[in-house]
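Notes to accompany the following structure.
The values are calculated or read from the model by the stated rules, or taken from the named source; none is laboratory data. Everything numeric in this text was worked out from a predicted model, so none of it was measured. FYI the Cβ positions are ideal-geometry reconstructions off the backbone, even for glycines, and counts take in every protein chain you see.
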Amino acid sequence: MGANICNPGQGLKPVVIMLLVQAVLAGVNVMYKLAVVDGMSMRVLISYRFIFATVFILPLALILERKSKAKLTWKIAFQGFLSGLFGGALGQNLFIGSLALTSATFATAMSNLIPAATFILVITLRLERLAIRTLAGTAKLAGTVLSIGGAMVLTFYKGREISLWSTSINLAKHDEDHLTEAHPSLRNQVLGSVLGLLACLCYAIWYIIQAKMNESYPCKYSSTALMSITASIQATIYAIITDRNWSAWKLGWNIRLFAVFYTGSISTGLMIVVLTWCIRLKGPLFVSIFNPFALIYVAIVGSLILNERLHLGSIIGSVLIMGGVYVALWGKTKEIKNSVQLVRSIDSEAEEVTLN
């Protein structure tokens, strides 16, 4: 993996691609916000997203992995069910609930807590040791604490408004009073933060499930298709139970159709192919480093076309979160390098003993 990351012959192509990927993923939050403002049911939107994703990714899995020798067992099917629940239906419904109660920028900033939530889970479940006495362990802990502190600032401190530019464009042009009537708790920042934190926890659990699933079923397209299928079933059942108004399922040539197509086919379907290529070329650490760029994209687009206002608290909290993420990632990278050096040292000693 290290050789791949340091190979200069690959140029800037992976970097440019990952910047484009984060721009596409950031667009999901904007599409969510526009669809919700247009009056579309959040639960129906999530259901359609995974239905469209299934239609897109299933043929790819059947074509690209038709010769795979990995077998789909009941254990894998159950892991796919859990993957669809935490990474799909439940996680997405919690996230979009947070988005509706706050803003696209705020919800994206909260999602940067996923690495911290993952770190806490793997330490609690003893899937990874903390090693607090080492520099790497201290960095991981400090990064986690810094990220959580940033989330607290983002939630409870607003501060003065920051005006980067002036624009009269507002695609979310529905009257704010109308939105408040439709969603009485729209301004409840604390509730939106709680939903955002729960969504981060869901995605952290999903990462762990995916890691376990990939150990025995290393078919990325097929596992993604399995997740999309189970998530679409779960999300659809939940949407039908909670939204009895069948007119909410109608899609016309409007922002609703574009939102479900974009989030399902392009973001969930197409981007998984690109992300898989980048992970194989550069490794998962390289890919995860680009996650905070989504926040920058959403903040710019939200202030330009959604009439969202940036505040000092949002900027400070976001910087703390991103700083914490990078410190934790640095600690993890340091830990991996130390482990590799230890293994090489043991192998060298073993070779010397054999030669002697």
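Points to keep in mind about this one:
- Number of the condition not met by residue 288 [criteria: (1) within 18 Å of residue 32 (Cβ to Cβ); (2) at pLDDT below 65; (3) of a type in the set (Ser, Thr, Tyr)]: (1)
- Note on segment 211-259: residues that are crowded, with 19+ Cβ neighbours inside 10 Å and assigned to a helix (DSSP H, G or I) total 20.
- Residue list for segment 52-74, restricted to those being touching a Gly at 6+ places or on another chain (Cβ under 7 Å) and under 10 Å from residue 226 (Cβ atoms): 57
- A single entry from 103, 98, 111 fulfils the requirement of being in contact with a Gly (Cβ under 7 Å, 6 or more places away or on another chain), closer than 29 Å to residue 296 by Cβ, buried (at least 20 other Cβ atoms within 10 Å of the Cβ) and at pLDDT below 80: 103.
- Any hit, segment 75-87, residues being closer than 21 Å to residue 224 by Cβ and modelled with pLDDT under 80: no
- If you go through segment 48-63 and keep only what is closer than 14 Å to residue 270 by Cβ and either buried (at least 19 other Cβ atoms within 10 Å of the Cβ) or free of Cβ contacts under 8 Å to residues at least 40 places away in the same chain (or both), you end up with 49, 52, 53, 54, 56, 57, 59, 61.
- Meeting the requirement of 1 or more residues that are without any contact (Cβ under 8 Å) to a residue 60 or more places away in the chain and farther than 22 Å from residue 323 by Cβ, the helices (runs of 4 or more DSSP H) wholly within segment 89-156 are 114-124.
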